[in-house]
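Shown next, in structure tokens, is the structure this report addresses.
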Amino acid sequence: MQLVVNGESKDYNINDLQSLLDHLDIKAETVVVEKNGQIIARKTNCQLADGDKLEIVRFVGGG
Amino acid sequence: MITTTIEDIFSRNVPGIRELLKDKHIGIAGCGGLGSNLAVNLVRMGAENLTLVDLDKIEASNLNRQHYFADQIGMEKTQALRTNLLRINPEVKLTCHQLRLDESNIAKIFDDREVVAECFDGAENKALLTGMLAASAKLVVAVSGLAGTASAEKLKIKRPIRNLVVIGDGDSPDCREGLLSPRVSVAAAHQAWAILDHFLKEGRSCNL
């Protein structure tokens with residue numbers, strides 16, 4: 001399906017958020033994800049649909 | 001003894017900024033390198049109503065970047081920061097919580113705060129607090145990516161989603177490589193500015 005991830009539209013062969021994070025090699029506990037303008041609660045998986053817009057905000061340590 | 005008035009302290013401030021920030025409720029989650037320097041910046045601009053939260057006591061390894069002093073090693077960070085902020089402006093009103101923030105208490109502790117600064121050290125804690133509070137319609141000003149020796153110019157202010165400002169360089173190395181005071185200070189100063197910017201814009205939209 002076609003997804004817009006952080007502004008970039010690409011074809012992905014996945015169905016849910018966790019699979020997308022796995023595909024991108026991102027640990028779910030270190031991100032805030034917004035899908036179509038709504039923040040997805042932490043560690044919650046959700047189904048993705050063609051055309052969904054996702055913003056994945058990654059956090060790295062240090063402070 | 002020299003008598004100092006609040007007006008003396010702020011006589012070189014940009015006019016109107018102390019009045020804008022003085023009664024704003026601002027939360028600071030974590031009083032380490034980011035939180036301690038951010039709090040100092042906010043108080044020097046005129047903010048007086050801060051909530052400070054941290055679990056830790058001051059250790060010697062904090063002094064390379066955190067706004068504490070050698071004679072404060074062993075003190076609770078929230079209490080030491082309270083002391084240091086009161087030395088800048090004796091009229092600040094601080095709410096201090098010496099505890100670990102987690103899923104069970106984040107919403108309650110920052111319930112009355114319009115803006116919360118994410119000042120943690122660990123990536124998972126950063127994501128937890130930021131996700132919970134941004135979803136609850138508070139402005140979160142977070143930091144991600146400040147380790148290493150790259151130019152502090154690379155620390156950018158971004159607004160990736162609604163209710164969230166993130167400051168960082170996007171590709172800094174793991175923080176286990178070390179943290180340097182100039183980069184931590186610049187990130188904290190960017191946080192202070194982003195909070196000021198929020199209230200300036202809010203003020204303008206109210207006056208329209």
Self-check item: Pairs beyond 18 Å (Cα-Cα), from A:K43/B:K156; B:K57/B:K93; A:K43/B:K158; A:K10/A:K53; B:K108/B:K138; B:K126/B:K201
Solution: A:K43/B:K156; B:K57/B:K93; A:K43/B:K158; B:K126/B:K201
Self-check item: Dipole magnitude of the protein assembly as shown, debye to nearest 20 (Cβ charges: Lys/Arg +1, Asp/Glu -1, about Cα centre)
Solution: 560 debye
Quiz item: Is any residue of the stretch A:25-45 close enough, with backbone N under 20 Å, to a label point placed 7 angstrom from the Cα of B:S104 along the Cα-Cβ axis, and if so, which?
Solution: A:42-43
Quiz item: So if we plug the beta-carbon distance of A:C46 and B:R159 into 1/(1 + (r/R0)^6) with R0 = 30 Å, what FRET efficiency do we get, rounded to 0.05?
Solution: 0.80
Quiz item: Rounded to the nearest 0.05, what FRET efficiency do B:I73 and A:S19 have when you use their Cβ-Cβ distance and R0 = 35 Å?
Solution: 0.15
Quiz prompt | Magnitude of the charge dipole, the stretch B:1-153, Cβ model with Lys/Arg +1 and Asp/Glu -1, debye to 20 | solution = 180 debye
Self-check item: Net length gained if the chain between B:K57 and B:R176 were fully extended (0.36 nm per residue, minus Cα distance)
Solution: 40.8 nm
Quiz item: Which ³J(HN,Hα) values, rounded to whole Hz and listed in residue order, are derived for the stretch B:109-125 from phi using the Karplus coefficients 6.51, -1.76 and 1.60 in 6.51 cos²θ - 1.76 cosθ + 1.60 with θ = phi - 60°, glycine and proline given as x?
Solution: 4, 9, 3, 9, 9, 7, 10, 10, 9, 7, 10, 7, 9, x, 4, 5, 5
Quiz prompt | Size of charge dipole - the stretch A:2-58 - debye, nearest 20, with Cβ of Lys, Arg +1 and Asp, Glu -1, no other charges | solution = 220 debye
Practice problem: Let me know the shape class of the stretch B:15-207, please: from the alpha-carbon gyration tensor, a ≥ b ≥ c as square roots of the eigenvalues, rounded when a/c is under 1.5, otherwise prolate if a/b is greater than b/c, or oblate. | Solution: rounded
Self-check item: Residue among B:P15, B:A123, B:I28 farthest towards the positive dipole end of the stretch B:1-148, charges placed on Cβ
Solution: B:P15
Quiz item: ³J(HN,Hα) across the stretch A:7-16 via Karplus (A = 6.51, B = -1.76, C = 1.60, θ = phi - 60°), whole Hz, x for Gly/Pro?
Solution: x, 10, 8, 8, 8, 10, 9, 9, 10, 9
Quiz item: Short version: ³J(HN,Hα) in whole Hz for each residue of the stretch A:43-52, in order, from phi by Karplus 6.51 cos²θ - 1.76 cosθ + 1.60 (θ = phi - 60°), x for Gly and Pro, what are they?
Solution: 6, 9, 7, 8, 6, 10, 10, 3, x, 4
Quiz prompt | Along chain B, longest interval not containing exposed GluC sites (Glu not before Pro), exposed being DSSP loop plus at most 11 other Cβ atoms within 10 Å | solution = B:104-208
Self-check item: Coil-residue GluC sites (Glu not before Pro) of chain A, DSSP, other Cβ within 10 Å capped at 13
Solution: none
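Coordinate-derived values only; no laboratory data. Here the structure is a predicted model, which means the values were calculated and not measured. Neighbour counts run over all protein chains shown; Cβ positions are idealised from the backbone, glycine included.
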